[in-house]
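Novice: Would you mind keeping the following structure in view while I ask a few things?
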Amino acid sequence: QVQLVESGGGLVQAGGSLRVSCAASGRTFRLYAMGWFRQAPGKEREFVAAITWSGGVSYYADSVKGRFTISKDNTKNTVFLQMNSLKPEDTAVYYCAAGSKYYSPIIYPWQYDYWGQGTQVTVSS
């Protein structure tokens, strides 16, 4: 019903910036929340940031507050994650997720119904 495609990942030096994008297609009118999660090798998938479909409310993990910004372009059904002051520990596969249920907070993986394939973000020291 909903397809998510991430883009914008790559290799960046510590302290640098990167913006990843997530384009949603299909029955997007049913969506309530869009989020970003990340997973490093050998580690659990963790919440990064999320935003309501309307763009009215945003959530951030403590580890990225002040550095990352999530935003949404409603005309293109695209969510962006601007990542500044990147650190080596930010290295992970970043996954875009979408949820249709109305709930709060929107910070847990199990709360999302659709997932993208992920985009690799590597931060070198």
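Novice: Can you compute log10 of I(q)/I(0) for the chain with the Debye formula, treating each Cα as one identical point scatterer, at q = 0.13, 0.18, 0.23 Å⁻¹?
Specialist: -0.45, -0.87, -1.42
Novice: Could you state how much accessible area residue 46 has, in square angstrom rounded to the nearest 10, with a 1.4 Å probe and all protein chains kept in place?
Specialist: My reading of the accessible area for residue 46 is about 80 Å².
Novice: Continuing with the same structure: To the nearest 20 Debye, how big is the dipole of the chain about its Cα centre, given +1 on the beta carbon of each Lys and Arg and -1 on that of each Asp and Glu?
Specialist: The calculated dipole for the chain is roughly 220 debye.
Novice: Please check which bits of the range 37-56 a label hung off residue 122 would reach, taking the label as a point 7 Å along Cα-to-C-beta and the cut-off as backbone N under 17 Å.
Specialist: Zone members listed by number: 39-42.
Novice: Could you tell me the calculated FRET efficiency between residue 89 and residue 5, based on Cβ-Cβ distance and R0 = 25 angstrom, to the nearest 0.05?
Specialist: The calculated FRET efficiency here is 0.45.
Novice: Taking 8 Å as the Cα distance limit and 6 or more residues as the minimum spacing, I'd like the relative contact order of the range 37-125 as a percentage. List each step's numbers first, then the result.
Specialist: Numbers: 139 pairs, mean separation 25.2, N = 89.
Once divided by the residue count of the range 37-125, the mean separation gives 28 percent.
Novice: Pull up all non-local amide H partners of residue 118: gap of 5 or more, or a different chain, and H-to-H distance under 5 Å with H placed in the peptide plane.
Specialist: Long-range HN contacts for residue 118: 6, 96.
Novice: Follow-up. Over the chain, with the other protein chains present, what is the accessible area per residue in square angstrom, probe 1.4 angstrom?
Specialist: 51 Å²
Novice: Do you know the relative contact order of the range 7-81, to the nearest whole percent, from alpha carbon pairs under 8 angstrom that are 6+ apart? All intermediate terms of the calculation are to be shown ahead of the outcome.
Specialist: Working: 103 pairs, mean separation 21.4, N = 75.
Relative contact order, the range 7-81: 29 percent.
Novice: Ignoring ligands, DNA and RNA, please state the percent of accessible area on the range 35-125 from carbon and sulfur, probe 1.4 Å.
Specialist: 50 percent
Novice: Go through 91, 69 and list them by solvent-accessible area, largest first, probe radius 1.4 Å.
Specialist: Heavy-atom accessible area, descending, gives 69, 91.
The values are calculated or read from the model by the stated rules, or taken from the named source; none is laboratory data. The structure presented is a predicted model; accordingly, all values stated were derived computationally and were not measured. So basically every Cβ, Gly included, is an ideal-geometry build from the backbone, and we count neighbours across all protein chains shown. Keep in mind that these areas ignore ligands, DNA and RNA; they rest on the heavy atoms of the full protein, side chains included. Shrake-Rupley method; radii C 1.70, N 1.55, O 1.52, S 1.80 Å.
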